[in-house]
1. Considering only residues that are open to solvent by 20 Å² or more (accessible area, probe 1.4 Å) and either in a loop (DSSP other than H, G, I, E, B) or without any contact (Cβ under 8 Å) to a residue 24 or more places away in the chain (or both), which ones fall in region 182-223?
2. Conditions: (1) surrounded by 19 or more Cβ atoms within 10 Å (Cβ to Cβ); (2) in contact with a Gly (Cβ under 9 Å, 6 or more places away or on another chain); (3) not basic (Lys, Arg). Residue 139 meets all but one. Number of the miss?
3. Could you go through region 252-262 and let me know if any residue there is among the polar types (S, T, N, Q) and open to solvent by 70 Å² or more (accessible area, probe 1.4 Å).
4. Do any helices (runs of 4 or more DSSP H) lying entirely in region 113-173 carry at least 2 residues that are over 17 Å from residue 75 (Cβ atoms) and polar (S, T, N, Q), and which ones are they?
5. Go through region 104-123 and give me each residue that's under 19 Å from the mean Cα position of the chain (by Cα) and at pLDDT 95 or above.
6. Would you be able to say whether some residue in region 84-96 is of a type in the set (S, T, N, Q) and touching a Pro at 6+ places or on another chain (Cβ under 9 Å)?
7. When you scan region 224-247, do you find a residue that is part of a helix (DSSP H, G or I) and loosely packed, with under 15 Cβ neighbours inside 10 Å, even just one?
Amino acid sequence: MYAMNPGSDPLAATKFHVLTNVNRPGPPSSGQCDHDEMESLAQGAVPRYAAGPDRAILSRGPRADIEIGIRNFVVQYILQISGSEESLKAQRTLLNKLNLVLVSVLKQEWPHNWPTFINEIISACRTSLSICENNMIILGLLSEEVFDYSAEQMTSAKTRNLKTVMCAEFSQIFQLCQEILNTADQPSLIKATLETLLRFCNWIPLGYIFETPLIETLRTRFLEAPEFRNVTLQCLTEIGGLQTGGVNTYDEQLVKMFTEVLTTISNFIPLSLDLKTTYPQSNSRDQEFIQNLALFLCNFFGMHLNVGPLPFSPSAPPLLFSSPSSPSSPFLPLLHLLLAPLFQTCPLVLCPREYRASLTDRTMVAH
């Protein structure tokens, strides 16, 4: 490779330093690249080096070898930092930036130049709990980039290819998530997995959600746990808002999820609790949960008003009410507090007028 003079540009200096050390065996040592240099790299050295004016320099040498060298350098540094729980916590900021760099590399290299990435990251998850935790974060970031932000950053053909590959290889990722959710007891790993699953819920094939024990695992293992209940309810909210294609295949599972989630919530929200009074005095986590519960209800009603039998459908068997005039539902105070103000604030968004009137009448009578 031709020599390059970094001059006084710190970004160019970082590029030069990385490229002159990137092919050294083993993870980078303190003599190869310190944290300040790596943070500079994470802020844009690799993307700008690969796509910016310096491409002319790379074209003079073995470009593929340099790209693989940069990729391996970033991977090895991530594995080094995430290799222990202490290092992962102490260098979280740097690791987050490295994760973003890796995702940027993946958007360029995967799958055509890195077809084994999914297999590699799954295999690495089994070597260390801390590595597994960080790898779940990487998979969540990749999901966001491919399915949420790709329209602004990649061509439609590239986006379509990445989505196809990720869906095709998702079975391995889902199996790993299930294994963690069923057996793990480390809170940070569980939370990272739940947060990653939240990013998956809006695009994975419906069979993974409704034809596996996923919903039951979320509800029975994590919904009542204070440290996990918010992100768990967010996952259930995403599931409740999924479009099932107009096919009634999953109607029964949707209604079962809705009623059982409310039943579980009643186990830790006292039925006699006056939420209107206690909400302002609650801590931020509890307030967030009540807000997430409102979103869960609104999301479900907004997408599945015709799924039956729904608890509040005037023509359906009453699952939460014993009768319109004499309800005995323990959920009624909670539902009235959450739904009535929301329906008054944004009625056109949340539900049709006749449905809103029926629900409001029934809750107001009981209240």
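The values are calculated or read from the model by the stated rules, or taken from the named source; none is laboratory data. On a predicted model such as this, the values are computed, not experimentally measured, just so you know. Heads up, the Cβs are rebuilt from the backbone with ideal geometry, glycines too, and the neighbour counts pull from every protein chain shown. We work out accessible area using only protein heavy atoms, side chains counted, and drop any ligands, DNA or RNA first. Shrake-Rupley method; radii C 1.70, N 1.55, O 1.52, S 1.80 Å.
1. Those that are open to solvent by 20 Å² or more (accessible area, probe 1.4 Å) and either in a loop (DSSP other than H, G, I, E, B) or without any contact (Cβ under 8 Å) to a residue 24 or more places away in the chain (or both): 183, 185, 186, 202, 203, 205, 207, 211, 212, 213, 216.
2. (2)
3. Among the residues of region 252-262, not one is among the polar types (S, T, N, Q) and open to solvent by 70 Å² or more (accessible area, probe 1.4 Å), which makes the answer no.
4. The helices (runs of 4 or more DSSP H) meeting that bar are 150-153, 156-168.
5. 118, 121, 122
6. no
7. No: region 224-247 contains no residue that is part of a helix (DSSP H, G or I) and loosely packed, with under 15 Cβ neighbours inside 10 Å.
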